[in-house]
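Notes follow the structure.
The values are calculated or read from the model by the stated rules, or taken from the named source; none is laboratory data. Just so it is clear, the model here is predicted, and its values are computed rather than measured. Quick reminder, even Gly has a Cβ in these numbers, built from the backbone with ideal geometry, and neighbours come from all protein chains shown. These accessible areas exclude ligands, DNA and RNA; they are computed on the full protein's heavy atoms, side chains included. Shrake-Rupley method; radii C 1.70, N 1.55, O 1.52, S 1.80 Å.
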Amino acid sequence: MDKFLITGGRPLKGAVAISGAKNSALPCMAAALLTAETVILHNLPYARDIITQRRLLEDLGATVLTPELRTHKINASHIEVFEAPYELVKTMRASVLALGPLLARFGKAKVSLPGGCAIGTRPIDLHLRGFEQLGAEVRLEGGNVVARAPQGGRLIGATISFEKVTVTGTENLLMAATLAKGRTVLRNAACEPEISDLCELLNRMGARVRGAGTPTIEIDGVEALGGAQHTIIPDRIETGTFIVAAAITGGELEIKDCQPEHLTAVIAKLREVVVVIEDLNPSTLRVKRGNALLASDVSTEPHPNFPTDMQAQYMALMTQAEGHATITETIFENRFMHASEMQRMGAQIHLNGRIATVSGPTKLTGAPVLASDLRASASLVLAGLVAQGETMIERVYHIDRGYERIEAKLRAVGADIQRIRESVTAQLTDAAGTDAAAIASLSGTS
Ligand code: UD1
């Protein structure tokens, strides 16, 4: 397991280019399962979750070619397996996105039920209820969800009102509905830009989807979908993370290849706490800190409001702001794991259920800390960049899941951050240790 060693206190200066959105790339890759023709996706981020999703597609029988690092050519004409196994789902919940396309095109799918994760229980009941409303029979068998389309193998359009806004739930259901018989209406659908990006790809493949980006999406099912090419939108959360990186270190960054209109709530909030954000052109921002950062409350909400995926980074920023900021997490029940790590660096954070109160400004000092999930790891990197002395972040595989080479991008703008790779010998020792433990447990000695 790699670690990051950060020596804080350097203001970041220079330009950074934003990669494609992981959360858009994952459903778009799953959408390639809806057709026997080739789907070509450009601007995929080079992040671990993309490699995991690629492995899932290949395990199912698809061919994935990579003519360039960030382009995948996916052909799913020979799907032989209809199952996303536990080993994949447990490392990446988004593998449940295979369920909708497989069920719609082949009339059957089996996906391991994701368990809890570091940020809460995260059920997929709303996805499953939606599939049932499209006529599927859904059963639980040995920890797996087994779904079958009704007789004739085709789903049937229906009106589905989501009880709660769910991003991957909306994506799963809308992919399933593209090949269903008749019209499907999704109400209380998620409005995230990643949904619109997916719908753009689906429409290019021949789907008939209207209303993406609004709470009501209408899909007229078609008999078959075809191939298409599509470029993934820039990652709005990576953009927000770099805006905070510029502000927290008191530096000045030019953030290129981004789409600011996808993070208006984040930009508005950061301007309110006096981060100076200028639009240089439609895809470039210039960011620097104002004279002093001011505390301001925030509550996470579905798009277009402040995203839960920026909550941890905002908390890191608030440790450097004047006053008390109340941060309310309304989406996930257990998404403050980074708070206790920041406290170990000297942050003043009081937790009360889903509310965290950050008092600042505090001088953070470097410490060994543990990354618990993707965005929590990003917030610890940000805290490390401003802390005095050395911060060692363990378990950075979490950050590698969703950020493309974050340490290289940060180093290029002046951060002192190094990846400490676990040595090959340590890996071998570990593997030997694991084997020894496994053998010991088999023989009943441990
Ligand atoms: C997606 C994003 C994730 C982001 C989250 C919220 C991807 C790959 N991941 O996750 O980065 O943090 O949206 O913006 O796009 N819920 C249920 N039942 C369901 C589904 C969801 O109760 O069947 C609840 C969840 O527990 C959570 C809330 O609904 O409390 C929102 O979750 P959801 O939008 O589904 O998150 P994901 O799609 O998993």
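Ordering Val167, Ser379, Asn188 by Cα displacement along the dipole of the chain toward the positive end leaves Asn188 in first place; charges were set at the Cβ atoms of Lys, Arg (+1) and Asp, Glu (-1). Working from the Cα coordinates of the chain, the gyration tensor eigenvalues give, after taking √(5λ), semi-axes of 37, 26, 21 Å in decreasing order.
As a length-normalised measure over Cα pairs under 8 Å and 6 or more apart, the relative contact order of the stretch 364-410 settles at 45 percent. For Lys110, the accessible area of its heavy atoms, probed at 1.4 Å with every protein chain present, is near 60 square angstrom. Along the stretch 402-416 the Karplus relation, 6.51 cos²θ - 1.76 cosθ + 1.60 evaluated at θ = phi - 60°, assigns HN-Hα couplings of x, 10, 7, 6, 4, 5, 5, 5, 5, 4, 5, 10, x, 6, 9 Hz to successive residues, with x for each Gly and Pro.
Label-to-label distance for Val81 and Glu301 is 4.3 nm, based on points extended 7 Å past Cα in the beta-carbon direction.
When only alpha carbons are used to place a centre, the stretch 265-323 and the stretch 45-118 end up 34 Å from one another.
Scanning residues 5 or more positions from Ser299 or on other chains, those with amide H under 5 Å from its amide H are Thr328, with H placed 1.01 Å from N in the peptide plane. Were the residues from Arg139 through Thr121 laid out at 0.36 nm apart, the gain over their Cα-Cα distance would be 4.5 nm. Here the Karplus curve 6.51 cos²θ - 1.76 cosθ + 1.60, taken at θ = phi - 60°, turns the phi angles of the stretch 296-312 into couplings of 8, 6, 8, 10, 7, 8, x, 4, x, 8, 5, x, 4, 6, 10, 4, 5 Hz, with x standing for Gly and Pro. Rounded to the nearest 20 debye, the dipole size of the stretch 228-358 about its Cα centre is 220 debye, using +1 on the Cβ of Lys and Arg and -1 on the Cβ of Asp and Glu. Among residues other than Pro307 with Cβ under 10 Å from its Cβ, the summed charge is -1 (Lys and Arg +1, Asp and Glu -1). Counting 0.36 nm for each residue step from Val146 to Leu65 and taking away their Cα separation leaves a gain of 26.2 nm. Judged by the ratio a/c of the largest to the smallest principal axis of the C-alpha gyration tensor, the stretch 49-202 counts as rounded, that ratio being less than 1.5. Using Cβ point charges alone (K and R +1, D and E -1), the dipole size of the stretch 322-413 about the Cα centre works out to roughly 80 debye.
Of the heavy-atom accessible surface of the chain (probe 1.4 angstrom), what whole percent is carbon and sulfur?
Roughly 50 percent, rounded to a whole number.
Phi angles of the stretch 375-383 translate, via the Karplus equation with coefficients 6.51, -1.76, 1.60 and θ = phi - 60°, into HN-Hα couplings of 6, 4, 5, 4, 5, 6, 4, 4, 4 Hz per residue; Gly and Pro are given as x. Principal-axis analysis of the Cα atoms of the chain puts helix 167-178 at an angle of about 20° to the longest axis. Per residue, the accessible area of the chain comes to 40 Å² when a 1.4 Å probe rolls over the protein heavy atoms.
Applying a 10 Å radius around every beta-carbon, put 368-381, 12-25 in order of their mean neighbour count, most first.
Numbers: 368-381: 24.8, 12-25: 22.4.
Highest to lowest by the protection proxy: 368-381, 12-25.
Apply the a/c threshold of 1.5 to the C-alpha gyration tensor of the stretch 248-338 and tell me whether it is rounded, prolate or oblate. It comes out oblate by the Cα gyration axes.
What does the charge dipole of the chain about its Cα centre add up to, to the nearest 20 debye, if the Cβ of each Lys and Arg holds +1 and the Cβ of each Asp and Glu holds -1?
I would put it at about 140 debye.
Legend: residue pairs Lys13/Lys90; Lys13/Lys269; Lys22/Lys363; Lys90/Lys256; Lys110/Lys256; Lys363/Lys409, Cα-Cα distance threshold 31 Å; pairs beyond threshold, Lys13/Lys90; Lys22/Lys363; Lys90/Lys256; Lys110/Lys256. Backbone amide hydrogens, once placed in the peptide plane, bring Thr38 within less than 5 Å of Gly227, excluding anything fewer than 5 places away on its chain.
Using Cα pairs closer than 8 Å and at least 6 residues apart in sequence, work out the relative contact order for the chain, in percent.
20 percent
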